[in-house]
Structure formats: C-alpha cells, structure tokens
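Working notes, beginning with the structure itself.
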Amino acid sequence: MSLIPSVFGGRRSNVFDPFSLDIWDPFEGFPFSNTSLANVPDTARDTSAFATARIDWKETPEAHVFKADLPGLKKEEVKVEVEEGQVLQISGERSREQEEKNDKWHRVERSSGRFLRRFRLPENAKVDQVKASMENGVLTVTVPKEEVKKADVKAIEISG
C-alpha cells in the first residue's frame, strides 16, 4: 500500500525508495516531451542524449583551453582534429553495453551513441601545436596562441 495518496494517475510510489518514484510529467504528450520519444528508435534517442557533450572553452593569455566531460570514455574512443585550418573538431562514441537475456533492467539512464562538437578557432590560434590529454574522464585540448605584436608607439612632439 502506498504511503502517498495517488494524485498522479495511480502511479506506484514508495517514499522510502527514491529510485522507485515515478515522477509526474506535466508535459506528457507534448511534441517536445521525453514521452513523445516512445516511437523513436533507441539508437536515435541514445545519439541525441549523448550528442550534447558539455565542453568549456576558456582563453588564457597563452592559449585557448577546451575541457570536455566524457565520463566512461577511453582516449581511444575520442578523436580531436583540426580541419579547414581553423576548425577544432572533438568527436567520439560510447558503445551500448551488451545485454544478457537473463538481465532485468530496472533503470537505464546512462546514454550511449556518438557526439560531435566543432569550434571555429580565432586567427591567433597556433593550429599546428594543438595538444590533447585525457584524465579521469575529462578531455583537455590546449591550442596555443600566437603572440600579438604590440604596435610600436612613437610619441610625436607637438610644436607651436
């Protein structure tokens, strides 16, 4: 017997087990809701969920630094490329786990699929010196910057 009155359409819930709670979706049935993905193939859903790999881009005085959270990926599953001279492309793929016939899944929340992100680099980027490293699921791509030559300023004496 449920400890919470059934105000959300008769869904089972147990306040002592947070993983058993079915959350009411006020947008159920709308074109952009998660429930509208029921007829979409699993591969399309997985790809869209993983396609938005979060990447930070900061600029330091010496370089442009990109950091991407890619938990569970090995460096062999990630590709970093510079194309068309000034476009940094970061891509990868997380494979879906093999399912055993005897397995009973209670929840599947981790995404799988491919991702691809592209960034147009500024003119001062040294694209021939790009370095990438991966540690603890965080990809760091460093693009050094060319030194900007400061214009020589010559003081002009004002006569008169």
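The values are calculated or read from the model by the stated rules, or taken from the named source; none is laboratory data. This structure is a prediction, so every number in the text was calculated from the model and none was measured. Glycine gets a Cβ as well: all are built from the backbone with ideal geometry, and neighbour counts include every protein chain shown. What goes into the accessible areas is simple: the full protein's heavy atoms, side chains included, and nothing from ligands, DNA or RNA. Shrake-Rupley method; radii C 1.70, N 1.55, O 1.52, S 1.80 Å.
Output the residues belonging to the range 48-94 that are open to solvent by 20 Å² or more (accessible area, probe 1.4 Å) and touching a helix residue (DSSP H, G or I) at 6+ places or on another chain (Cβ under 8 Å).
Once the filter is applied, which keeps residues that are open to solvent by 20 Å² or more (accessible area, probe 1.4 Å) and touching a helix residue (DSSP H, G or I) at 6+ places or on another chain (Cβ under 8 Å), the range 48-94 yields V82, G85, Q86, E93, R94.
Criterion first (modelled with pLDDT of 80 or more, assigned to a loop (DSSP other than H, G, I, E, B), open to solvent by 100 Å² or more (accessible area, probe 1.4 Å) and of a type in the set (A, V, I, L, M)) does V153 satisfy it?
Yes: the conditions hold for V153.
Could we say that E109 is of a type in the set (D, E), at pLDDT 90 or above and either open to solvent by less than 100 Å² (accessible area, probe 1.4 Å) or under 18 Å from D69 (Cβ atoms) (or both) here? Can you show your working first?
Values: of a type in the set (D, E): yes; at pLDDT 90 or above: no; either open to solvent by less than 100 Å² (accessible area, probe 1.4 Å) or under 18 Å from D69 (Cβ atoms) (or both): yes.
Against the criterion (of a type in the set (D, E), at pLDDT 90 or above and either open to solvent by less than 100 Å² (accessible area, probe 1.4 Å) or under 18 Å from D69 (Cβ atoms) (or both)), E109 does not qualify.
I'd like the full set of residues that are more than 30 Å from E76 (Cβ to Cβ) and of a type in the set (D, E), limited to the range 125-160.
The answer is E146, E147, D152, E157.
How do the pairs read when you match residues in the range 135-156 that are under 22 Å from K67 (Cβ atoms) with residues anywhere that are assigned to a loop (DSSP other than H, G, I, E, B) and of a type in the set (V, I, T), using Cβ under 9 Å and keeping only pairs 6 or more apart or on different chains?
Cβ pairs passing all conditions: V141/V130; T142/V130; V143/V130; P144/V130; K145/T60.
Please go through the range 136-150 and give me each residue that is under 25 Å from the mean Cα position of the chain (by Cα) and either open to solvent by 100 Å² or more (accessible area, probe 1.4 Å) or closer than 24 Å to E84 by Cβ (or both), ordered by number.
N136, L139, T140, V141, T142, V143, P144, K145, listed by residue number.
Based on this model, can you work out whether S133 counts as loosely packed, with under 12 Cβ neighbours inside 10 Å, part of a strand (DSSP E or B) and not β-branched (V, I, T)?
Working: loosely packed, with under 12 Cβ neighbours inside 10 Å: yes; part of a strand (DSSP E or B): yes; not β-branched (V, I, T): yes.
When the stated conditions are applied, S133 passes them.
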